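Undergrad: Before I ask anything, let me first share the structure, which is written out below as C-alpha cells.
What follows is calculated from the coordinates using simple rules that are stated; it is not laboratory data. Just so you know, these numbers come straight off a predicted model, no measurement behind them. Every residue, glycine as well, gets a Cβ built from its backbone with ideal geometry; the counts of neighbours run over all protein chains shown.
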Amino acid sequence: MTLPSRVQDLDVGTYLRVLRGAMVPILLGALALAALAFVYSRSRPPVYRATASLAALPTSSGNSVINNTLVSAPALPAGVVGRALRSPDVTRDGVKRLQASVPDSAARRQTLANIAAELRSEKYRTIGLAAEIDQNLIGTYEISALAGTPEVAQATADAFAAALLQWDRARALDGINRARTNLITQRDLLSGQLSAGGQAVGERTLEQMRSEVVQQLQQVEVLRQTVSGTLSPIASAALPVDPVAPKPLRNAILTFGAALFFGLLLALLRDRLGKRVQNPETLRTFGLPVLGLLPPVALRRHNPRGALALLASGSFREQLEFVRVGMLSRLGQADVAAANQHSAETPLVALSSANMDEGKSTLTASLALICAQRGLKVLVVDADIYRQRQKDLLLSRPDKAVTRHQVGDHEIWMQVQPNIDLLTLLDSRIEPAKSQRTIRAMSNHYDLVLVDTPPILKIADTGPFARLMDGLLLVVDVNTGVEQVERLVDETTRLGVNTLGFVLNRYRDVGNSYYEYRSTLTGQEVKIHG
C-alpha cells in the first residue's frame with residue numbers, strides 16, 4: 001500500500017493574478033518614466049566622440065645595424081599605459097596641445113573643465129583608452145575623447161595621443177639623458193685638471209681620457225636623435241558626424257524595460273511579504289465559521305463549460321457538500337425542500353468576495369449543481385453586472401436551444417442544467433431594492449436562490465444588495481490580504497448583512513479525498529492528489 005503524499009507545488013495562478021492586478025499601474029508608471037527619460041534626453045546637449053589610434057611595436061628589428069644605432073624603451077602592459085595617459089604630466093601636456101590646436105569656445109572650456117574635475121576625482125570619462133595587446137605586448141591603442149562639438153572632440157583625441165607619444169619617447173630618453181649628464185660632468189672635470197697644468201705624462205693621460213669622454217658624449221648625442229618609444233601613430237582622429245549621446249529613444253526603451261521589471265518584482269515581493277490568509281485559522285479570528293475548504297482546480301478559461309464536470313468529483317465535490325450543509329445549517333434549514341413546505345419564502349443566498357478572481361462565480365455554479373443533484377429546484381442569479389460568467393459556466397452547449405424570457409431589466413434562461421434556471425441582469429448597474437423584488441417574486445417557484453454578486457470592496461451597491469438577501473457567503477482566496485478581509489467583515493457588519501460564513505478557496509492542505517480513503521482501505525495504490 002502506498003501512503004498518500006501532498007504536493008505543495010508553486011501556485012503560478014496566484015502569481016499571475018497578482019501581476020494582472022498590478023499590471024495597469026505598473027504599465028502606466030513605466031510609460032510615464034519612459035516619457036520623462038525621453039524628454040530629458042532630448043533636452044541634453046549633444047556629445048561627440050573622436051578616436052585616434054596608436055601602435056605598440058616590437059623594441060627591436062631584424063637588422064643589427066639599425067638595432068645598434070637605435071635606442072627604444074621596453075614595452076609596457078596596457079594598464080601602465082592607461083595610467084600614464086591619465087597622469088598629471090600627460091594631462092597637462094595634452095591640455096596645452098588642445099589649447100594650441102583649437103580656438104577658445106564654450107565646448108573647449110567645458111572639455112577642459114571636465115578633464116580637470118576627472119583628474120581630481122580619478123573618475124575618468126572624457127578621455128578613454130581601449131587596448132588590443134597580445135602576450136608579447138604588441139597591438140593597438142585607441143585614445144578616445146568626448147566633447148560638445150566634433151571639432152573639439154577631434155582635437156582632444158589628437159592632443160592626448162600626441163602627449164602620450166611624447167611621454168613614451170621621454171621614457172626612452174631618460175637613461176640616455178642620465179648618461180649624457182654624467183659624461184658632461186666628467187668632461188668638465190678633466191678640462192679643469194688640464195687647465196691647472198702638471199707633469200707631461202699626466203697631461204697626456206688626462207688629454208687621452210678627455211678625448212675618450214668627448215667621443216662617448218658625441219655617440220650619446222647621436223643616440224638622443226634616434227631614440228624612440230614603443231608607441232607610434234597609426235591614424236589621427238576623424239571628425240565625428242553623429243553624436244554618441246544623448247539617445248532619447250534608447251533611453252526611453254531602457255527606462256520602460258527597467259521600470260516594468262522592477263515594478264513587477266516589487267508587486268510580487270509586496271504580495272509575498274504582505275500578511276495573507278493562508279489557512280482557516282486566520283479566518284476564524286473574525287468570529288465567523290469556515291464552511292468549506294476548496295482545493296485549487298486548474299480551470300481552462302477558453303473552456304469554462306467543462307468546469308462543472310471537473311468539479312463534480314474528488315475533493316472539490318466533497319468540500320462543496322460541506323459548504324452546502326453549512327449554508328443550510330446557518331439558514332436554520334437542514335432540508336430546504338422540506339422547510340419550504342412550511343415557509344412562505346424561499347431563502348435567497350448571496351455569494352461575494354473582497355476582490356475579483358477569488359472564485360465566487362465558480363462556487364455559485366458548482367454549489368447550484370450540487371444542490372440540484374440533491375433534488376432542489378435552484379435559481380442562479382448572475383448579478384455581477386461587470387463580469388457575468390454564469391452563462392459560460394452553466395450552459396451545457398452553446399448550440400443547445402434554451403428557452404429564455406425577459407422580465408423587466410432581467411432575462412431568465414430556463415433549464416440551463418437539470419433543476420437549474422438562470423436569471424441575468426441586463427442593466428448596467430445594480431438597483432438593490434428593485435432587483436431584490438424581482439428575485440423575490442420569482443423565488444416562489446424554487447427551493448433555493450443563489451445570487452452571484454460583484455466584489456463587495458469593488459462595487460458600493462453590493463453591500464446594500466447583500467443586506468436584502470437572507471444570507472451571504474464570503475469567498476476568500478488563500479492569498480487575500482488579512483487587511484482586506486478585515487475591511488470586508490467591517491463593511492458587512494456595518495451594513496447589517498447576515499453573513500453565513502467563509503469559504504476558503506484554493507486551499508492546498510485539504511487532505512485526502514473520500515475516494516483516496518476508499519482506495520487505501522481496499523489496498524489499491526493511492527494517487528497523489530493536488
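Undergrad: Give me 439, 133, 234 sorted ascending by neighbouring Cβ count inside 10 Å, so fewest comes first.
TA: 234, 133, 439
Undergrad: Classify the stretch 105-156 as rounded, prolate or oblate from the Cα gyration tensor: take a ≥ b ≥ c as the square roots of its eigenvalues, call it rounded if a/c is under 1.5, otherwise prolate when a/b beats b/c and oblate if not.
TA: Since a/c reaches 1.5 but b/c is at least a/b, the shape of the stretch 105-156 is classed as oblate.
Undergrad: How would you rank 87, 443, going from fewest to most other Cβ atoms within 10 Å of each one's own Cβ? Intermediate results must be reported in sequence, preceding the final value.
TA: Working: 87 15, 443 19.
Fewest-to-most ranking of 87, 443: 87, 443.
Undergrad: With a 10 Å Cβ neighbour count serving as the proxy for reagent exposure, in which order, fewest first, do 322, 160, 502 appear?
TA: 322, 502, 160
Undergrad: In addition: Report the FRET efficiency, 1/(1 + (r/R0)^6), for residue 23 and residue 238, where r is their Cβ-Cβ distance and R0 is 35 Å, rounded to 0.05.
TA: 0.15
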